[in-house]
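As structure tokens, the structure follows; a few thoughts come after it.
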Amino acid sequence: MLNLGILISGRGSNMEAILKAIKRKKIPINPAIVISNKSDARGLKIAQKLGVKTEVIESKGFKGNRWEYDQKIIAILKKNGVTPKNGLVCLAGFMRIVSPEFVKKYKNKIINIHPALLPAFPGLDAQKQAVEYGSKYSGVTVHFVDSGVDTGPIILQKVVKVENNDTEETLAKRILLKEHQAYPEAVQLFAEGKIKISGRKTKIS
Ligand code: GRF
């Protein structure tokens, strides 16, 4: 079976949705390890409660460069069977840009969730960007990670209507509900081998 590694930095609600869906829907992937770059990430306790192993590699004060940090992550992933051949890495609110070397080693094995309909509103504060721009629709994108920021091949998207009186907070809340559906769905598609990538496009069977 495939092994799953989830990287988090904070709240961990997407991680929780994925872990619960794996159990409930019997998705054929083993939740092997949750890694946080912050020791006080709330998601760590949730993972432990759900019986999933956790590790912390504190990024604050880390002396080396990005790739040196990522090598520490990779060592833990590998120790837990999350290899490029037999693994999937989910970035779930992981507030760091991963190095090009990491992306290359785990080519098309790292996925991310973004709270907007990419390519609109990449980067930070996507919900705020959508409200301020006056978009009528926004949503969520799950995509493979490439060496750009929020630019990799899209696996799936879900649409959320932006209401006239929406604030960043109210929109983020409704988008988050969709995130919790979208991310487990994408993990399931990957685990069942239903995603084919050609160039920057994916085909879902
Ligand atoms: C989510 O909105 C996700 O789309 C973004 O960061 C947030 C993480 O939330 N990348 P959580 O930690 O999964 O609750």
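The values are calculated or read from the model by the stated rules, or taken from the named source; none is laboratory data. Small disclaimer: the values here were computed from a predicted structure and weren't measured. Heads up, the Cβs are rebuilt from the backbone with ideal geometry, glycines too, and the neighbour counts pull from every protein chain shown. Please note that ligands, DNA and RNA were not included when accessible areas were found on the heavy atoms of the full protein model with its side chains. Shrake-Rupley method; radii C 1.70, N 1.55, O 1.52, S 1.80 Å.
Worth a mention:
- Candidates Ile154, Ile175: the one that is more than 20 Å from Glu16 (Cβ to Cβ), not assigned by TED's automatic domain parsing to the domain that holds Ile27 and not acidic (Asp, Glu) is Ile154.
- Residue match in segment 87-97 (condition: out of contact with any His (no Cβ under 7 Å at 6 or more places or on another chain), small (Gly, Ala, Ser), on the phi < 0 side of the Ramachandran plot and in contact (Cβ under 8 Å) with a residue 60 or more places away in the chain): yes
- If the condition is being open to solvent by 30 Å² or more (accessible area, probe 1.4 Å) and either within 16 Å of the ligand (Cβ to nearest atom) or without any contact (Cβ under 8 Å) to a residue 12 or more places away in the chain (or both), then segment 105-120 contributes Leu117, Pro119, Ala120.
- Long-range neighbours under 7 Å by Cβ, at least six apart or interchain, first residue in contact (Cβ under 8 Å) with a residue 60 or more places away in the chain and assigned by TED's automatic domain parsing to the domain that holds Lys23 within segment 48-75, second assigned to a loop (DSSP other than H, G, I, E, B) and β-branched (Val, Ile, Thr): Ile73/Ile57
- Tabulated pairs, segment 7-20, first within 21 Å of Val98 (Cα to Cα), second assigned to a loop (DSSP other than H, G, I, E, B) and more than 9 Å from the ligand (Cβ to nearest atom), C-beta under 8 angstrom, 6+ apart or interchain: Leu7/Asn37; Ser9/Asn37; Ser9/Lys38; Ser9/Arg96; Gly10/Lys38
- Ser198 being surrounded by 20 or more Cβ atoms within 10 Å (Cβ to Cβ), farther than 25 Å from Leu19 by Cα and either out of contact with any His (no Cβ under 6 Å at 6 or more places or on another chain) or of a type in the set (D, E, K, R) (or both): no
- Check on Leu177, in contact with a Ser or Thr (Cβ under 7 Å, 6 or more places away or on another chain) and either free of Cβ contacts under 8 Å to residues at least 40 places away in the same chain or not aromatic (Phe, Trp, Tyr) (or both): no
- Residue match in segment 126-139 (condition: closer than 23 Å to Lys26 by Cβ and among the hydrophobic types (A, V, I, L, M, F, W, C)): no
- Ser147 vs. criteria at pLDDT below 95 and either over 24 Å from Gly12 (Cβ atoms) or assigned by TED's automatic domain parsing to the domain that holds Leu117 (or both): yes
- Test: residue in segment 121-132 that is away from the ligand (no atom under 14 Å from the Cβ), over 15 Å from the mean Cα position of the chain (by Cα) and among the small types (Gly, Ala, Ser): no
- Helices (runs of 4 or more DSSP H) contained in segment 1-93 and holding at least 1 residues of a type in the set (Phe, Trp, Tyr): 66-79
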